[in-house]
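Inspection log for the structure reproduced underneath, given as structure tokens.
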Amino acid sequence: MLDRLLSAEWRDLYDIAHEPDYGSGLFGTLDDNADPALKRVVSIKQFEQWLKKRLETEFPFVSEPLPLLTDPSHQAFSLFLAVANPSRPAIDLAEKFVRHVNKNFAPGASRRKSAL
């Protein structure tokens, strides 16, 4: 499945372990088709930068990742905005949206109360 989504290049993020590690894989518990000898050797930030570069080969605009936290100290996901429209107005709008999201929803952003 990851090969179809990310190509086989995602395997560059792993190193073959000397002993099988039957713990969790990159995206949770290993499934029956996964190689249990694969061991993660990259940090979340390294993976985000690798994925951003990969997305940039397909999309004219890719935002910096926005970490999504499950609690104040645990990052569970990374959110990217990728825009397929190469026009300058579309990219400008995407950049404006990313600034708004980062200002209002990024970890550490001040939370304003809505006047609704």
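The values are calculated or read from the model by the stated rules, or taken from the named source; none is laboratory data. Just so we're clear, the structure is a prediction, and the values are computed from it rather than from any experiment. In this analysis, Cβ positions are derived from the backbone assuming ideal geometry, glycine residues included, and neighbour counts consider all displayed protein chains. Side chains included, ligands, DNA and RNA excluded: accessible areas come from the protein's heavy atoms. Shrake-Rupley method; radii C 1.70, N 1.55, O 1.52, S 1.80 Å.
A few notes on this one:
- With R₀ set to 22 Å, the beta-carbon distance separating E58 from A8 gives a calculated FRET efficiency near 0.85.
- Paramagnetic reach from V42 in region 72-108 [backbone N under 16 Å; point 7 Å along Cα→Cβ]: 77-80
- In this view, the solvent-accessible surface of L93, computed with a 1.4 Å probe and all protein chains in place, comes to about 120 Å².
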